[in-house]
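Working notes, beginning with the structure itself.
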Amino acid sequence: MNDLITVLRRMSQFAVVLGLLGLTGCAHITTSELMKQGATLSPRTSTYKDLSLLPAPKGKIVASVYNFRDQTGQYKPSPASAFSTAVTQGATAMLSQALNDSGWFIILEREGLQNLLTERKIIRASQKQPNTPINNTMELPPLLSANVLLEGGVVAYDTNIKTGGTGARFLGIGAMDQYRVDQVTVNLRAIDVRSGRILTNVSTTKTILSQEIQTGVFKFVEYKKLLELEAGLTTNEPTQLCVQAAVEAAVIHMITGGLKNQSWSLDNDADQNNEVIQKYLNEVPVIL
């Protein structure tokens, strides 16, 4: 009986060793494949699906976004960098893309407004000269003005909201799992340009998960012969995608909030029962 237990124990240890070697091999293959991959379109989160499934508005809203910036002042922890920011500085582009993808807004260029005005000056100057290029012969129409001004930004980035893990080791064989949760918060508000009244004001939060899994074997195979094997895997949810998800959720909440207070309306009143509309209308903040 003791011999059987010994054999089974050695078989289990051998299986763990093979598993570790397999995990290491898979990681190596995956790394090799990733190095060969070219550029691809950025992945999208589940909020993008909700954004694309919104019903049509009665009329698209002409809106402008001047700056949707990082207001957290957070930098990456040392020793990574003392100057690199923890949050993407491209939130304005993310918001413009989310507004456009929703199908509810006509977005006016305001972040690069000075560049736009410079190009228009160049066209007007060339029209006064002989041999005007054919693409500059038509008179410039006036620029559109916005009905709604969108303001806000990334207002909070909190690290180590929750940390934890589990681990166990028996007869030199062990495994460990650790995780950390960060949190990013964005604020978005829609302002009536004519009156200055805030039509809707919403804040959304997205968690950022980091996880590390490690396994290892530490055994004396023979006298003065030590076997030590380790394998691990770390996954970090991209901060950029989490900010984008929070921005997209804020846009949907802003749209549904405007429907609720009748700042704008749906093209078809029956779409009030749309699954996405009801999902976000019925969502309430968590009370801590």
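Once the chain from Lys121 to Leu53 is taken as fully extended at 0.36 nm per residue, the excess over their C-alpha distance is 20.4 nm. Short-range pairs are left out: with C-alpha atoms under 8 Å and at least six residues apart, the relative contact order of the chain is 20 percent.
When only Cα pairs under 8 Å and 6 or more residues apart are kept, what is the percent relative contact order across region 155-284? Don't skip to the answer; put the middle values down first.
On the way: 221 pairs, mean separation 26.5, N = 130.
This gives 20 percent for region 155-284.
What's the extension gain from Ala39 to Glu111 if we count 0.36 nm per residue and subtract their Cα-Cα distance? Please list the in-between numbers first.
On the way: separation 72, 0.36 × 72 = 25.92 nm, distance 2.65 nm.
Full extension from Ala39 to Glu111 adds 23.3 nm.
Within the same chain, lysines fewer than 8 places from Lys76 are excluded, and of the rest, those with a Cα less than 23 Å from its Cα are Lys162, Lys206. Across all Cα pairs in region 155-271, the calculated P(r) in 5 Å bins from zero up to the longest distance comes to 2, 10, 13, 11, 11, 9, 9, 7, 6, 5, 4, 4, 3, 2, 1, 1, 0, 0 percent per bin.
Highest mean packing first, where packing is the average number of other Cβ atoms within 10 Å per residue, the peptides 154-161, 97-104, 184-191, 277-284 line up as 184-191, 97-104, 154-161, 277-284. Taking 7 Å steps out from each Cα toward its Cβ at Ala175 and Glu275 produces label points 3.5 nm apart.
Taking other C-beta atoms within 10 Å as the exposure proxy, Phe83, Phe105, Phe218 rank Phe83, Phe218, Phe105 from fewest upward. Here r is the Cβ-Cβ distance between Leu288 and Lys225 and R0 is 45 Å; the resulting FRET efficiency, rounded to 0.05, is 0.25. For region 112-175, the set of trypsin sites (Lys or Arg not before Pro) satisfying both a DSSP loop assignment and a count of at most 12 other C-beta atoms within 10 Å is given as Lys128.
Here the label points at Ile134 and Val193, each 7 Å from Cα along the C-beta direction, are separated by 3.4 nm in the simple model. In this simple spin-label approximation, Val62 and Ala156 carry label points 7 Å from Cα along the Cα→Cβ vector, and these lie 3.7 nm apart.
Since every read-out is calculated from the coordinates, none of them should be taken as a lab result. Quick caveat, the model's predicted, so the values are computed rather than measured. Please note: Cβ atoms are built from the backbone with ideal geometry, for glycine as well, and neighbour counts cover all protein chains shown.
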